[in-house]
Amino acid sequence: MQKTFYVTTPIYYVNDVPHIGHAYTTLAADVIARYKRLMGYEVFFLTGSDEHGQKVEKAATASGETPLELADRVVKRFQALWEKLGISSTDFIRTTQERHKAGVARIFTTILEKGDIYLGEYEDWYCTPCETFWTETQLTDDKCPDCNRPVDKLKEESYFFRMSKYQEQLLAHIEANPDFIQPKSKRNEIIAFVKEGLRDLSVSRTTFRWGIPVPGNEAHVIYVWFDALTNYITALGYPDEGGNYGTFWPVDVHLIGKDILRFHAVYWPTFLMAAGLPLPRKVFAHGWWTVEGQKMSKSLQNVVEPNMLIDKYGVDAIRYFLLREVPFGLDGDFSHAALVHRINSDLANDLGNLLNRSTAMVAKYFGGVVPAPGEETALDRVYREKTVAMVGQVGELMEELAFSRALQAIWEVIGAGNKYIDETAPWTLAKDPEQRERLATVMHYLLESQRLVYFVLTPFLPKTTAKALAYLSWPDAPSAAGLVWGKLVAGTAIARAEALFPRIENSDS
Ligand code: MSP
């Protein structure tokens with residue numbers, strides 16, 4: 001049976017248009033999905049949109065649309081961006097779809113019938129932008145502790161989820177599964193939070209209409225986070241436990257931003273426990289991007305629009321920058337200067353030049369035909385072994401979602417390639433007919449090492465790698481079987497590579 005892998009992104013609110021924060025999570029999920037496919041897994045990669053709740057209802061009123069009209073319009077922008085970013089998702093779930101609504105009603109009913117959802121009365125402080133209730137003591141200067149915006153006192157009849165009942169079970173699960181919540185610093189935060197005590201959670205609202213009605217009591221709509229989190233199983237066909245649900249649940253990793261960790265690492269697992277369903281294998285919270293040192297916000301007008309960046313620098317440059325610049329899990333800063341520097345130094349100079357130089361030499365010295373290697377010297381062996389070790393290392397780092405370190409490991413081999421050229425000095429070898437075999441070995445090794453570099457780069461730079469592998473006349477889509485040294489076929493005619501990434505001269509815009 002084929003190995004399977006299931007990865008998700010958060011589903012994005014439709015009251016905002018996509019920015020690099022959204023692109024970041026989705027891109028990370030895409031890279032891991034592509035990597036797993038490369039390694040032979042059957043992958044389900046889910047993204048989608050979160051369309052219910054008061055926030056969306058308010059935004060729709062403000063723009064003179066119905067919530068669904070607003071959602072239809074904004075969802076197209078997300079989908080168009082994902083296409084432009086090369087996102088290889090398997091499915092896009094919208095919480096307004098019937099398949100989702102039916103699944104949410106079902107899980108709600110299951111928990112209600114079990115007695116873990118009950119009807120009560122609620123009075124607390126509510127932050128509408130965050131769709132979160134806070135107790136008096138949780139407020140910071142009478143404002144929302146997360147976003148620092150004003151909160152409203154709300155009193156309403158509400159259904160409650162008996163979250164308190166699952167406190168110990170959740171703690172035990174977190175402790176028994178050290179990889180469940182990552183990175184570690186975030187795991188510790190969640191442990192501390194759970195240890196403070198879990199309160200029962202309000203899971204319905206009566207103050208607005210835009211949501212999924214509580215089955216059997218339509219005066220209530222289901223709390224937007226209960227609704228949204230359930231997307232991860234409704235997209236798999238839940239409550240039908242066969243099909244994709246049977247194949248892919250429990251999920252291998254939920255990728256999210258650190259701001260929504262509590263929902264994924266506390267609420268969601270306890271909902272699942274109550275419903276008697278298996279828990280996610282891993283929840284990974286990445287950091288936040290600032291822009292030129294400042295928090296990204298509409299009021300500061302510094303929201304970085306990914307479409308504009310892709311048009312200006314190309315999709316792979318943006319994919320590379322976002323995953324290389326900041327270790328996954330930490331906060332980072334986006335600046336144009338840093339982006340241009342990465343493009344010029346890593347992509348144009350290191351990566352592009354190496355392919356350019358090597359294919360030009362093969363054209364010049366061997367008429368564009370891959371020569372068979374001769375005897376291996378110590379220098380060649382070091383280069384080969386470094387390349388082969390890198391492939392294994394990338395595999396381990398991808399398991400840890402350490403994208404930046406994986407790219408670093410790949411770039412070390414690219415650096416070693418450029419150094420190998422300088423040390424072997426092919427232009428000198430070419431002058432001496434006695435050195436023909438030596439020259440052939442050097443050319444062969446250069447191309448074979450780069451073939452492996454482009455194989456492991458496929459998930460990160462899908463367009464560039466397709467181009468590069470076409471220059472090397474690689475006939476098929478890269479696969480795990482080709483991830484070993486020695487697959488390059490002598491006698492293959494290859495093309496001389498054009499610059500993969502043109503240098504950007506004007507770096508101040
Ligand atoms: N709808 C909820 C998620 C429900 S999942 C069941 C939501 N949506 S969101 O559109 O507001 O945010 C989605 C993701 O974008 C979050 O993972 C969040 O961390 C991420 N980002 C939003 N701004 C960001 C940055 N400035 N930097 C990095 N990621 C950020 O929350």
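The values are calculated or read from the model by the stated rules, or taken from the named source; none is laboratory data. Everything numeric in this text was worked out from a predicted model, so none of it was measured. Cβ sites come from the backbone with ideal geometry, for glycine too, and all protein chains shown count toward neighbours. SASA here: full protein model, heavy atoms, side chains in, ligands and nucleic acids out. Shrake-Rupley method; radii C 1.70, N 1.55, O 1.52, S 1.80 Å.
Scanning region 10-28 for residues that are over 19 Å from Phe334 (Cβ atoms) and surrounded by 23 or more Cβ atoms within 10 Å (Cβ to Cβ) gives Pro10, Ile11, Val14. Residues that are under 29 Å from the mean Cα position of the chain (by Cα) and touching a residue at least 12 places away in the same chain (Cβ under 8 Å) within region 109-148 comprise Cys127, Thr128, Pro129, Cys130, Glu131, Thr132, Phe133, Cys144, Asp146, Cys147, listed in sequence order.
Okay, residues lined up against (1) free of Cβ contacts under 8 Å to residues at least 24 places away in the same chain; (2) small (Gly, Ala, Ser):
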position: Phe208; (1), (2): no, no
position: Val214; (1), (2): no, no
position: Ile222; (1), (2): no, no
position: Thr234; (1), (2): no, no
position: Gly237; (1), (2): no, yes
position: His254; (1), (2): no, no
position: Leu261; (1), (2): no, no
position: Leu272; (1), (2): yes, no
position: Leu279; (1), (2): no, no
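Within region 193-216, the set of residues being of a type in the set (S, T, N, Q) and part of a strand (DSSP E or B) comprises Ser202, Ser204. Counting the residues of region 408-431 that are surrounded by fewer than 19 Cβ atoms within 10 Å (Cβ to Cβ) and among the hydroxyl-bearing types (Ser, Thr, Tyr) gives 1. Considering (1) farther than 23 Å from Thr464 by Cα; (2) touching a residue at least 40 places away in the same chain (Cβ under 8 Å); (3) surrounded by fewer than 17 Cβ atoms within 10 Å (Cβ to Cβ), the lone condition that Pro373 does not fulfil carries the number (3).
Checking each residue in region 391-407 for being open to solvent by 10 Å² or more (accessible area, probe 1.4 Å), touching a residue at least 40 places away in the same chain (Cβ under 8 Å) and in contact with a helix residue (DSSP H, G or I) (Cβ under 8 Å, 6 or more places away or on another chain) picks out Val391, Arg405. Taking region 354-373 as the range and being farther than 18 Å from Trp485 by Cβ and of a type in the set (S, T, N, Q) as the test, the residues that pass are Asn356, Thr359.
The residues of region 52-96 that are farther than 30 Å from Val151 by Cβ, open to solvent by less than 40 Å² (accessible area, probe 1.4 Å) and either small (Gly, Ala, Ser) or out of contact with any Gly (no Cβ under 6 Å at 6 or more places or on another chain) (or both), listed by number, are Leu81, Trp82, Leu85, Gly86, Ile87, Ser88, Asp91.
When Leu488, Leu500, Leu446 are checked against the criterion of being buried (at least 20 other Cβ atoms within 10 Å of the Cβ), in a helix (DSSP H, G or I) and touching a helix residue (DSSP H, G or I) at 6+ places or on another chain (Cβ under 6 Å), a single residue qualifies: Leu446. Please verify whether Pro178 is away from the ligand (no atom under 16 Å from the Cβ), more than 25 Å from Gln138 (Cβ to Cβ) and touching a residue at least 24 places away in the same chain (Cβ under 8 Å), treating the condition exactly as stated. So Pro178 does not fit the description; no. Going by what's in this entry, would Tyr122 be described as out of contact with any Ser or Thr (no Cβ under 6 Å at 6 or more places or on another chain), of a type in the set (Phe, Trp, Tyr) and not in a helix (DSSP H, G or I)? Against the criterion (out of contact with any Ser or Thr (no Cβ under 6 Å at 6 or more places or on another chain), of a type in the set (Phe, Trp, Tyr) and not in a helix (DSSP H, G or I)), Tyr122 does not qualify. Among the residues making up region 174-188, those that are surrounded by 16 or more Cβ atoms within 10 Å (Cβ to Cβ) and outside any loop (DSSP other than H, G, I, E, B) are Ile174, Ile181, Gln182, Lys186, Arg187.
With the structure loaded, tell me whether Leu85 is farther than 25 Å from Trp268 by Cα and touching a residue at least 40 places away in the same chain (Cβ under 8 Å) or whether it fails that test. Yes, satisfied.
Does region 147-157 contain any residue that is modelled with pLDDT of 95 or more, open to solvent by 60 Å² or more (accessible area, probe 1.4 Å) and within 24 Å of His286 (Cβ to Cβ)? The answer is no, given that none of the residues of region 147-157 is modelled with pLDDT of 95 or more, open to solvent by 60 Å² or more (accessible area, probe 1.4 Å) and within 24 Å of His286 (Cβ to Cβ). Identification of strands (runs of 3 or more DSSP E) wholly contained in region 217-304 with 3 or more residues that are open to solvent by 10 Å² or more (accessible area, probe 1.4 Å) and more than 10 Å from the ligand (Cβ to nearest atom) yields 217-222.
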